[in-house]
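Below are the structure tokens for one structure; questions will follow.
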Amino acid sequence: MSSDADHDVCGMSLAIDVVGGKWKLHLMWVLGAGPQRFGQIRRLLDGVSEKVLAENLRHLESTGVVHREIFPEIPPRVEYSLTPLGETLRLALEPLEMWGDANREALATASRPSAPQSPPARVAL
């Protein structure tokens, strides 16, 4: 990270501001497969509420990585897709996905709860 006043925020911080949180990386992955409607995205992301999904899509749209297109049809149709900037972010995230795939077993083992430990012995003073 540079100490110049013009570079107060490092690139990693900027990237985390875009995709940080529980659902944004998942949204990038879903939209990487192509344009999706809101309902399609919600079905693919099990457990996300409509409110949280809408907030996350708005955030990604405001950062310029997601495009929201409203089609002039009745009933209205809205699709979300990655912008060219979003596509560069998706490409940057691919190594993270490959790391997760390559380390799936080690991560699953590490995240298993260990056997309950007995409480530490009390020390008499």
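Only the coordinates and a few stated rules stand behind these numbers; no lab work does. Given the structure is predicted, the values throughout are model-derived calculations rather than measurements. Methodologically, a virtual Cβ is constructed for each residue, glycine included, from the backbone with ideal geometry; neighbour enumeration extends over all protein chains shown.
Is it the case, given these coordinates, that Arg42 is farther than 27 Å from Gly100 by Cα and either touching a helix residue (DSSP H, G or I) at 6+ places or on another chain (Cβ under 9 Å) or assigned to a loop (DSSP other than H, G, I, E, B) (or both)?
Taking the combined requirement at face value, the residue does not satisfy it.
If you don't mind, another one. Select from the stretch 16-39 the residues that are touching a strand residue (DSSP E or B) at 6+ places or on another chain (Cβ under 9 Å) and part of a helix (DSSP H, G or I) and write down the one among them that is nearest to Leu93 (Cα to Cα).
Met28
Now for a separate question. Name the single residue that is farthest from Val30 (Cα to Cα) among those in the stretch 54-77 being in contact with a helix residue (DSSP H, G or I) (Cβ under 8 Å, 6 or more places away or on another chain) and surrounded by fewer than 15 Cβ atoms within 10 Å (Cβ to Cβ).
Only one residue fits best here, namely Gly64.
Yes/no per residue for (1) outside any helix (DSSP H, G or I); (2) under 21 Å from Phe38 (Cβ atoms); (3) not aliphatic (A, V, I, L, M):
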| residue | (1), (2), (3) |
| --- | --- |
| Leu60 | no, yes, no |
| His67 | yes, yes, yes |
| Glu73 | yes, yes, yes |
| Glu79 | yes, yes, yes |
| Thr88 | no, no, yes |
| Ala92 | no, no, no |
| Pro95 | no, no, yes |
| Met98 | no, no, no |
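How many residues does the stretch 45-58 hold that are aliphatic (A, V, I, L, M) and either more than 17 Å from the chain's Cα centre (by Cα) or in a loop (DSSP other than H, G, I, E, B) (or both)?
Number satisfying all stated conditions: 2.
What pairs can you find where one residue is in the stretch 44-61 and over 18 Å from Ser81 (Cα atoms), the other is of a type in the set (Gly, Ala, Ser) and surrounded by 15 or more Cβ atoms within 10 Å (Cβ to Cβ), and their Cβ atoms are less than 9 Å apart, with a gap of 6+ or different chains?
That search, which allows pairs on different chains as well, returns nothing.
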